[in-house]
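Q: This is the structure I want to talk about, given as structure tokens.
The values are calculated or read from the model by the stated rules, or taken from the named source; none is laboratory data. All figures in this text were calculated on a predicted structure; none of them were measured in a lab. Here the Cβ is made from the backbone with ideal geometry for all residues, glycine too, and neighbour counts use every protein chain on show.
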Amino acid sequence: MKASFFALFAFAASALATPVLSERQLEAQADEIDKLFSQVQVYTAAINKTTAAVPDSPDVPTQTATATELAPQFQGITDALTAATKLLSKREVWQRNAGCTKDCLGIKIKLLVWEIACTLKFVIIKLGLGKSLSPSMPRSGFVLANSV
């Protein structure tokens, strides 16, 4: 479960870090990222609701049960990122009118990554998983969110 948190971060960063080829592409990407953000918010809301119901300092069986319950939502985020990546990699998506600048697109991506990072941090802290993370792995998504 812990490995999937960080795999999701890596996937989100690499999936959305496509090179910008034209100004018209930016608007199309912005539209798709807006749709993706809405989808991700549905999953993160469900994750936050489930996680908030967990008592502080849960025992291992509670952590395991919660992780099992959260798995479909994390899979939903992964599936949404995969679908958006496939769509954004198609050239015909780029054939729309311009309107979103590089800065606009960057902000949208940061908000998306921030949404995922904050949810993951909440899960990690609430379930007490922070103590079991490798020291070489980042403890939050803040570094990732600020580097986009």
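Per-residue answers, yes or no, for (1) modelled with pLDDT under 60; (2) more than 22 Å from Gly130 (Cα to Cα); (3) among the hydrophobic types (A, V, I, L, M, F, W, C):
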| site | (1), (2), (3) |
| --- | --- |
| Met1 | yes, no, yes |
| Phe6 | yes, no, yes |
| Thr18 | yes, yes, no |
| Ser38 | no, yes, no |
| Thr64 | no, no, no |
| Leu70 | no, no, yes |
| Ala80 | no, yes, yes |
| Ala84 | no, yes, yes |
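Q: Could you look through segment 24-81, keep only residues that are of a type in the set (D, E, K, R) and in contact (Cβ under 8 Å) with a residue 40 or more places away in the chain, and pick out the one that is farthest from Cys104 (Cα to Cα)?
A: Asp56
Q: Ok, one more. Restricting attention to segment 86-105, and to residues there that are part of a loop (DSSP other than H, G, I, E, B), surrounded by 12 or more Cβ atoms within 10 Å (Cβ to Cβ) and not hydroxyl-bearing (Ser, Thr, Tyr), which single residue is modelled with the lowest pLDDT?
A: Arg96
Q: Scan segment 29-45 and tell me whether some residue there is under 19 Å from Ile125 (Cβ atoms), more than 16 Å from the chain's Cα centre (by Cα), buried (at least 19 other Cβ atoms within 10 Å of the Cβ) and β-branched (Val, Ile, Thr).
A: No; the residues of segment 29-45 include none that is under 19 Å from Ile125 (Cβ atoms), more than 16 Å from the chain's Cα centre (by Cα), buried (at least 19 other Cβ atoms within 10 Å of the Cβ) and β-branched (Val, Ile, Thr).
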